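Report on one structure; see the data block that follows.
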Amino acid sequence: MLKLDNHLSGRHFLHIPGPSPVPSRILRAISYQTIDHRGPEFGEFGLKVLDGIKKIFKTEQPVIIYSASGTGSWEGALVNVLNTGDKVLFYETGHFANLWRALAKRIGIEVEVVGKAGQDTWRWGVDASVIEERLRKDTQHEIKAVCVVHNETSTGMTSNIAAVRKAIDDAKHPALLLVDSVSGLGSADYCHDTWGADVTVSGSQKGLMLPPGIGFNALSPKAIEASKRSTIPKAYLAWDEILESNKTGYWPTTPSTNLMYGLHEAIDMMQTEGLDTIFARHQRLAEACRRAVAAWGLENQCLDATAYSPVLTAIVVPEGMDADVLRKHALEKFNLSLGTGLGKLKGKIFRIGHLGDCNELSLMAALSGVEMSLGAMGYKPKASGVVAAQDYLK
Ligand SMILES: *Cc1c(COP(=O)(O)O)cnc(C)c1O
C-alpha cells in the first residue's frame, strides 16, 4: 500500500483547498456494497439524491450529476447551451477562470476576457459594472454567455453572483450566466435560483466533503431551452438522456454508485448542521486565518475585503522566500499539506484551505504548522498568528 496509508503517527493535516478531508461517516457510507444501478432499490435512492442535491444548490430545477471531475462539468455546461463559434465573456479572477476559458477555446468557443482596467484582477473580486458596460456595447447580442467563478480557488476570492446577474439584466442582454462554484458550493452561501444562474458547475471534493469523482450542472429553464437548440457535438455529457433517465432515479450509463452513497450521507450531514451554520462556521474560521496572516505581517492575495473567501486564504510570502519550499517543509516536518501557488503565482503564494469538515482546532493545527515553517524559513513574524487566531476564536 502507499506510504500515505498512515505509517506516520498521528493524522495527516490536509489543508489544501480541495480535495478536502472526507469525514469518516462519509467514508463508511462509500464502503457499502455496490448494488445494481438498474435495480428497484437504486431508483428510489437516485430520486432521493437528486432531490437532496437541489437543496444544496438552492434550486427547484434539475441538477445533473456526472461521473467526472469539475473540469468535465465545466465542459458539460458549455457544450449543452452553446453553438460552435459562439462568443462567450470570461471574467478573469485567477487560474481557474483561465483554465475554464482555455477549455472553452479548445471546444470551438470564441472567448473574450474581461477584467477591470488598471486592476490586478487576481487580487479583486468580479466587478459586475465591467460586464454590464461590455454587454451594453454588444447591441447585436453576439455574446451568448457570461462565465464567472464564484469562489476563485487560486486566489481566495468569492465574487458576488447576484450582482453579475443584475448587470446582465440591467444591460437588457439575453446572455446566459454560467457560474463555476466548484469550490464555493457547500462552504460559501450559494443560491442558484434567486441569484439567477443559468448553469452552476460544481464538484464533489471541496465543500461537499467527498472524494473527487462526481461533478454537477445545476440548470435553469432558460438553460434547458438553450440545450434544445445547441449544436455542439456531445454524447456522454449531453443533458437530454440524463434528464429523461433521472425522472425515475436512474442514469443512462453506470453512475458512480459508491460516491453517490457518500453524497447522500454528505447531504444528510449538511442538512443536520444547517447550511447557515455551515456558512457561518466557514466565515469564522476564515476570519481567524486572516487575523493570523495579519499578525505574521504577511499579505493576503485578496486585496478586496468584500471578496475574502470563506473557503481558503491565499498568502503572499515575503520577497526572496519560495512558497513551495515552505510548503515542502510543512509537509515533511509536520505532515501538513498546504495549497501551492497556481499559474503565475507559483512560488509566490501558498494557500490554507479551511473548508468542508474543518473546525477550530484543525485550523489551529494548520496555523501552528505554518508559523513554525515560516520560522524555519528564517522569517521573523511581526507577532504570533497562532495567538491572534486563538484570541479571535476563544
Ligand atoms: C477544483 C476546481 C476546479 C476543477 O475541478 P477538477 O475537479 O480538478 O476538475 C474548477 N474550478 C474551481 C474554482 C476549482 O476550485
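The values are calculated or read from the model by the stated rules, or taken from the named source; none is laboratory data. The model shown is predicted, which means the values in this text are computed figures rather than measured ones. Glycine also receives a Cβ, built like all others from the backbone with ideal geometry; neighbour counts cover every protein chain displayed. Just so you know, the surface numbers come from the protein's heavy atoms only, side chains and all, with ligands and any DNA or RNA stripped out. Shrake-Rupley method; radii C 1.70, N 1.55, O 1.52, S 1.80 Å.
Values as computed for the structure displayed
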quantity	calculated
Accessible area in square angstrom per residue, the stretch 29-271, 1.4 angstrom probe	38 Å²
With all protein chains modelled, accessible area of H15 [1.4 Å, Å²]	10 Å²
Rule-of-thumb Rg ratio for the stretch 1-136 [Cα; 2.2 N^0.38 Å; N residues]	1.45
Residue-averaged [θ]222 nm for the chain, counting only DSSP H segments that reach four residues, each worth -39500 (n - 2.57)	-13000 deg cm²/dmol
Relative contact order, percent, the chain [alpha-carbon distance under 8 Å, six or more residues apart]	24 percent
Under 24 Å from K348, Cα to Cα: lysines that are on another chain or at least 8 residues apart	K116, K206, K328, K333, K380, K382
The stretch 227-268: translational diffusion in µm²/s, Stokes-Einstein, Kirkwood Rh over Cα pairs, 37 °C, 0.692 mPa s	273 µm²/s
Extension gain from L47 to M372, taking 0.36 nm per residue of separation minus the Cα-Cα distance	112.1 nm
DSSP bridge pairs, the chain: antiparallel proportion in percent, nearest 5	50 percent
Surface share of carbon and sulfur [accessible, 1.4 angstrom probe, percent] for the stretch 29-271	52 percent
Calculated FRET value between L361 and D324, using beta carbons and R₀ = 30 Å, to 0.05	0.65
Spatially proximal lysines relative to K105 (Cα-Cα < 18 Å; intrachain offsets below 8 disregarded)	K87, K144, K234
Per-q log10 I(q)/I(0), the stretch 20-70, q = 0.15, 0.16, 0.27, 0.32 Å⁻¹ (Debye; single scatterer per alpha-carbon; no solvent)	-0.57, -0.66, -1.19, -1.11
The chain shape via C-alpha gyration tensor axes, a/c threshold 1.5	oblate
Euclidean distance of C-alpha centroids, the stretch 95-118 and the stretch 196-230, integer Å	19 Å
Label zone at D391 (point 7 Å along Cα-to-Cβ), backbone N below 16 Å, the stretch 277-297	287-297
